[in-house]
Amino acid sequence: MGLFGNEFRNVVEWQESDDTVIFHKWHNDEIKKGSRLIIRPGQDAIFLYNGKIEGIFQDEGSFDIESQIIPFLSTLKGFSFGFNSGIRAEVLFVNTKEFTVKWGTKNAVMLPCAGLPGGLPVRAFGTFQMKVSDYVRLIDTIAGVKDTYSVDDVKTRVLSILDQLLMKWIGREGKDMFHLQASAYDIGKGMQEDLDMELLKMGMTVTGVQISSFSYPQEIQEKINAAAGYQMVGDMNRYQQGKLADGLDQPGGAAGSTAGMGFGMAAGMQMAQQMMQSMQQPTQQQPVQQPAGGKHCPSCGAAVQAGDKFCSGCGQKLEVAAFCPSCGAKVNAGDRFCSGCGQKLS
């Protein structure tokens, strides 16, 4: 080996200890004669000379730079190491794995919603996956001026545009503002397209976006749960009455209820209207068949007797009036035909 056999050797490697680092740049004064390149699993090594890519090495293992690496470098194929001189080159080690990154909205996103002048505040949480895809762009935009780059650096960039993308794709794919989780897959796919276009500028690609949950302020979530409960029992007519009673039971009576209900009550009313519409749709498509003859409740169509003040079927307060035997519409004394359906009246 000689007296100076090991004096000028060095090992070019990246002993990765943090799996959130995307790339690490090895640079020294120069790569000496007899040096070795070590590529570990999940790494690619890129030789840079004067800021330009000379060669990309993807096979893991230990390699003699003079005999196994230099012959494959673009402008350094004929380079010969001197006794005490080496290559003034840099080696960029890239983490080739797919990274999974957790994300969440910093502040509530105010989504436009009918009945809520200030919008519906929503937060979202989930994950996205990304990996390095274009070494040239990576070096041109980031690695040319940085020695290391981490997942947190990318996350900061993503979070800066996340709220805008969330609003955009909820507006396009959100079928129900109060049940966004049902549209989470479609919203996530749309966000992935836009995030991928953004990260491609820095040599990375987004391979997936998942939305694990949407969350509403506590008072809104309570109204959602209450509306769902009333829908299950099929009595949306009592939803508003129940919510008004809940408000009156709060400390401070009617005055306290106004302050306490506020925004949440508006959301509750909006949900009630949506659910009532969905419950009424089959009724509009298939009208309830009224029993022939007699008087009928205008709400549920149940037969009522003369003098009844409340319907025995649904509890609806009845007005003292006659009703059409066909459609249940109120008619006036002396009418010969029903103004609602045209039925001849006896």
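When restricted to residues that are under 22 Å from Glu98 (Cα atoms), without any contact (Cβ under 8 Å) to a residue 40 or more places away in the chain and not in a helix (DSSP H, G or I), region 138-167 contains 0. Determine whether Thr100 is of a type in the set (Ser, Thr, Tyr), open to solvent by 70 Å² or more (accessible area, probe 1.4 Å) and either under 45 Å from the mean Cα position of the chain (by Cα) or at positive phi (or both). Yes, satisfied. For region 143-167, residues that are basic (Lys, Arg) and under 19 Å from the mean Cα position of the chain (by Cα) total 2. Which count do you get for residues in region 134-149 that are polar (S, T, N, Q) and either at pLDDT 95 or above or touching a Phe, Trp or Tyr at 6+ places or on another chain (Cβ under 9 Å) (or both)? Total meeting the criteria: 1.
Figure legend. Inter-residue proximity from region 323-342: first residues in contact (Cβ under 8 Å) with a residue 12 or more places away in the chain and assigned to a strand (DSSP E or B), second residues of a type in the set (Lys, Arg) and open to solvent by less than 100 Å² (accessible area, probe 1.4 Å), beta-carbon distance below 6 Å, spacing 6+ or different chains. Indicated pairs: Phe323/Lys295. Just so you know, in region 110-142 the residues that are aromatic (Phe, Trp, Tyr) and either open to solvent by 60 Å² or more (accessible area, probe 1.4 Å) or within 18 Å of the chain's Cα centre (by Cα) (or both) include one that is farthest from Asp163 (Cα to Cα), and it is Phe128.
Counting only strands (runs of 3 or more DSSP E) that fall entirely inside region 21-132 and contain at least 2 residues that are under 30 Å from Phe178 (Cβ atoms), of a type in the set (S, T, N, Q) and touching a residue at least 60 places away in the same chain (Cβ under 8 Å), the qualifying elements are 116-132. Could you list, in sequence order, the residues of region 1-55 that are at pLDDT below 90, open to solvent by less than 70 Å² (accessible area, probe 1.4 Å) and over 23 Å from Met204 (Cα atoms)? Within region 1-55, Gly2, Gly5, Phe8, Asn10, Glu30, Ile31, Lys32, Gly34, Ser35 qualify. For region 168-211, residues that are within 11 Å of the chain's Cα centre (by Cα), at pLDDT 95 or above and not in a helix (DSSP H, G or I) total 3.
The values are calculated or read from the model by the stated rules, or taken from the named source; none is laboratory data. All values reported here derive from a predicted model rather than from experimental measurement. All Cβ positions, glycine included, derive from the backbone under ideal geometry; neighbour counts span all protein chains shown. Calculation scope for accessible area: heavy atoms of the full protein, side chains included, ligands and nucleic acids excluded. Shrake-Rupley method; radii C 1.70, N 1.55, O 1.52, S 1.80 Å.
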